[in-house]
Amino acid sequence: AADVAFKFPNADGSAGQFMKTDGSGNLAFASVADTNDFVKLQAAASSSGVSALVFQNLDVTTYRTFKIVFSGYPVNDDAALYLRVLDGSTYKTGANTYNWTQTGTNAQGNAANSASSDSYAKVADSAGNNNYEGWRTEITYVPQVSGDPTYQNNFGFAFTNRYNSTNSHRGETFHFKFHQSDVTDGIEIYASSGNIAAYSYTLYGLKR
């Protein structure tokens, strides 16, 4: 076959781009298409106390669902783990606007159930404040965005391993709905009293 004379671009491309051909000897820089639907968005870990973990102004245009894998323990013994949603920097805290349910099982197989309507949703029940206690949970949050039908609301669920102040294990499931028609683009996780003493988390987005 005859040699092909390639024509290179006159300028460099951007970081991470590759060079492609048009099949006629012309080369150009191009970006790799993102074909991943489940995307890691951010991650952090800290041994310092924090009043809350706040994820605001999330990209709800690109992502339909957000998942937070979280581990941490409270400063105050026997604090529970709470959740609220946000619109920008505005917290949704209206009385009785969150419906939540929780089902747990202890190490002896005994079940406990709770449910309520509050200005917050309880993700997990009380945890001990030693670093071998606390919460290990996976939280899913589905925001309502502009154009969604009223029955969509904002909802989510979690699966939690919890260790209380006597280091006794509990396994819990949690479901919530923010039953207003408000659109939201953020979520806050915080302790029912005091700060979160230490934590690690990874935030993922699932594309539309």
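The values are calculated or read from the model by the stated rules, or taken from the named source; none is laboratory data. Remember, it's a predicted structure, so these values are computed and weren't measured experimentally. Don't worry about glycine lacking a Cβ; one is built from the backbone with ideal geometry, like all the others, and counts go over all protein chains shown. For the accessible areas, the whole protein counts, side chains as well, though only heavy atoms, and no ligand, DNA or RNA atoms are used. Shrake-Rupley method; radii C 1.70, N 1.55, O 1.52, S 1.80 Å.
I'd like the FRET efficiency for Val69 and Ser14, computed as 1/(1 + (r/R0)^6) with the beta carbon distance as r and R0 of 41 Å, rounded to 0.05.
0.85
Can you give the charge dipole size of the chain about its Cα centre, rounded to the nearest 20 debye, using +1 on the beta carbon of Lys and Arg and -1 on the beta carbon of Asp and Glu? Intermediate results must be reported in sequence, preceding the final value.
Working: 14 positive and 18 negative charges, 44 e Å.
Dipole about the Cα centre, nearest 20: 220 debye.
Keeping all protein chains in place, calculate the accessible area per residue for the stretch 158-208 (probe 1.4 angstrom), answer in Å².
So the stretch 158-208 comes to 40 Å² accessible per residue, rounded to a whole number.
Quick one: putting +1 on the C-beta of Lys and Arg, -1 on the C-beta of Asp and Glu, what dipole do you get for the stretch 119-208 around its Cα centre, in Debye to the nearest 20?
Numbers: 7 positive and 8 negative charges, 37 e Å.
Dipole about the Cα centre, nearest 20: 180 debye.
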**OP:** Just order 92-98, 196-202 by mean Cβ neighbour count inside 10 Å, highest at the front, would you?
**Re:** 196-202, 92-98
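Accessible area per residue for the stretch 1-129 in Å², computed with a 1.4 Å probe and the full protein assembly in place, what is it?
Details: 7490 Å² over 129 residues.
Here the residues of the stretch 1-129 average 58 Å² of exposed surface.
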**OP:** Pull out the extension gain between Asn113 and Tyr151, defined as 0.36 nm times the separation in residues minus the alpha carbon to alpha carbon distance; nm, one decimal.
**Re:** 11.1 nm
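How long is the gain from Thr62 to Asp77 if the chain were fully straight, where each residue apart is worth 0.36 nm and the alpha carbon distance is subtracted? The partial results should precede the final answer.
Numbers: separation 15, 0.36 × 15 = 5.40 nm, distance 3.90 nm.
Contour length minus Cα-Cα distance gives 1.5 nm.
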**OP:** Tell me the label-point distance for the pair Asn131, Ala45, using the 7 Å Cα-to-Cβ offset, in nm and rounded to one decimal.
**Re:** 1.1 nm
**OP:** Could you point to the residue in Ala52, Ile187, Gly128 farthest towards the positive end of the chain's charge dipole, with +1 and -1 charges on the Cβ of Lys/Arg and Asp/Glu respectively?
**Re:** Gly128
Original post:
Of Asn26, Gly94, Thr166, which is farthest along the charge dipole of the chain in the positive direction, counting Lys and Arg as +1 and Asp and Glu as -1 at C-beta?
Top reply: Thr166
Original post:
Which of the lysines could a cross-linker bridge to Lys7, judged by Cα under 26 Å and excluding same-chain residues fewer than eight apart?
Top reply: Lys20
Subject >> Karplus (6.51, -1.76, 1.60) ³J(HN,Hα), θ = phi - 60°, over the stretch 149-162, in Hz, Gly and Pro reported as x >> reply: x, 4, 5, 5, 6, 10, 8, x, 7, 8, 10, 10, 9, 10
**OP:** Past 23 Å, Cα to Cα, is the threshold; run Lys67/Lys177; Lys40/Lys177; Lys40/Lys92; Lys67/Lys207 against it and keep the listed order.
**Re:** Lys40/Lys177; Lys40/Lys92
